[in-house]
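See below for the structure under consideration.
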Amino acid sequence: MLAIQKIRDEHRSISAVLHGLKSLARDAQDPRVKPGFEALRAMIRYIDEYPEQMHHPKEDQYLFARLAARAPEAKALLDGLRAEHQQGARLVRELERALVFFEDAAPAGAREFLDAVNAYAEFHWKHMRAEETEVLPLAEKRLSAEDWRAIDAAFDTNADPIAGIHERDFEALFSRIVSLAPAPIGFGSRWGKAGA
Ligand SMILES: [Fe+2]
Ligand SMILES: [Fe+2]
């Protein structure tokens with residue numbers, strides 16, 4: 001099933017950026033450090049747009065919709081995850097606000113930014129875990145071959161030129177994050193310290 005592999009791969013990409021963001025937000029707690037805000041902005045753009053434009057709509061419209069029809073007992077679980085797709089978008093706004101304030105007032109705002117990053121990362125990890133441990137195994141059991149054909153077609157960005165273009169945009173953004181973020185997250189230069 002292409003869709004299952006795609007969902008797991010997309011979760012891995014989102015997790016990688018979340019791990020990187022958490023680590024950099026921790027590094028930014030040292031008031032002497034001059035954070036690379038370009039990297040932080042690119043990471044937040046990624047975790048905002050990639051789930052919202054690529055990942056969640058496909059889950060909602062194809063996987064969750066078919067599964068709700070085949071497994072009515074999963075209704076509460078799927079409704080909860082759909083609501084989290086909306087809630088996630090709101091939490092990212094908090095994250096963006098915290099970053100704007102931090103960038104403006106640094107070193108003030110570093111703690112609030114770290115708190116917002118941790119809250120979002122916790123929220124999103126819990127969400128992805130529920131999908132991987134509850135939704136995907138149930139989908140594997142209950143969906144028919146015909147269901148999977150339709151779902152796989154939706155997740156196959158090679159077959160959808162518009163989604164294919166979006167996917168390439170996000171791959172480019174991911175590469176940009178890797179080139180901007182300092183080691184060990186990426187290959188960017190180390191953040192300088194005042195007086196160092
Ligand atoms: Fe989701
Ligand atoms: Fe997901």
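For the pairs LYS22/LYS75; LYS22/LYS58; LYS75/LYS126, note any where the Cα-Cα span goes beyond 24 Å. From LYS22/LYS75; LYS22/LYS58; LYS75/LYS126, over 24 Å: LYS22/LYS75; LYS22/LYS58. The stretch between ALA172 and LEU2, if pulled fully straight at 0.36 nm per residue, gains 59.0 nm over its current Cα-Cα span. A crude spin-label estimate for the pair ALA16 and GLU122, with each label 7 Å from Cα along the Cβ direction, gives 2.7 nm. Based on DSSP H segments of at least four residues, each scored -39500 (n - 2.57), the chain has a per-residue ellipticity at 222 nm of -23000 deg cm²/dmol. Estimated at 0.36 nm per residue, the fully extended path between GLN86 and VAL100 surpasses their Cα-Cα distance by 2.8 nm. Considering the chain, its Cα convex hull presents a mean projected area of 11.1 nm². Return, ordered by residue number, the residues of region 10-27 whose backbone nitrogen is under 16 Å from a label point located 7 Å along Cα→Cβ of LYS193. Backbone N within reach: 26-27.
Between ASP115 and ALA159, the simple label model (points 7 Å from Cα in the Cβ direction) yields a spacing of 4.7 nm.
Taking Cβ atoms as reference points and 11 Å as the exclusive limit, the residues near GLY164 contribute a net charge of -4, counting Lys and Arg as +1 and Asp and Glu as -1. For region 24-77 and region 116-194, what is the separation of their Cα centres, given in Å? Between the Cα centre of region 24-77 and that of region 116-194, the gap is 7 Å.
Around PHE64, what is the net charge, scoring Lys/Arg as +1 and Asp/Glu as -1 over all other residues with Cβ under 13 Å from its Cβ?
Once positives and negatives cancel, what remains is -1.
Bear in mind that the values in this text are calculations on the coordinates, not laboratory data. This structure is a prediction, so every number in the text was calculated from the model and none was measured. Cβ: placed from backbone, ideal geometry, glycine included. Neighbour counts: every protein chain shown.
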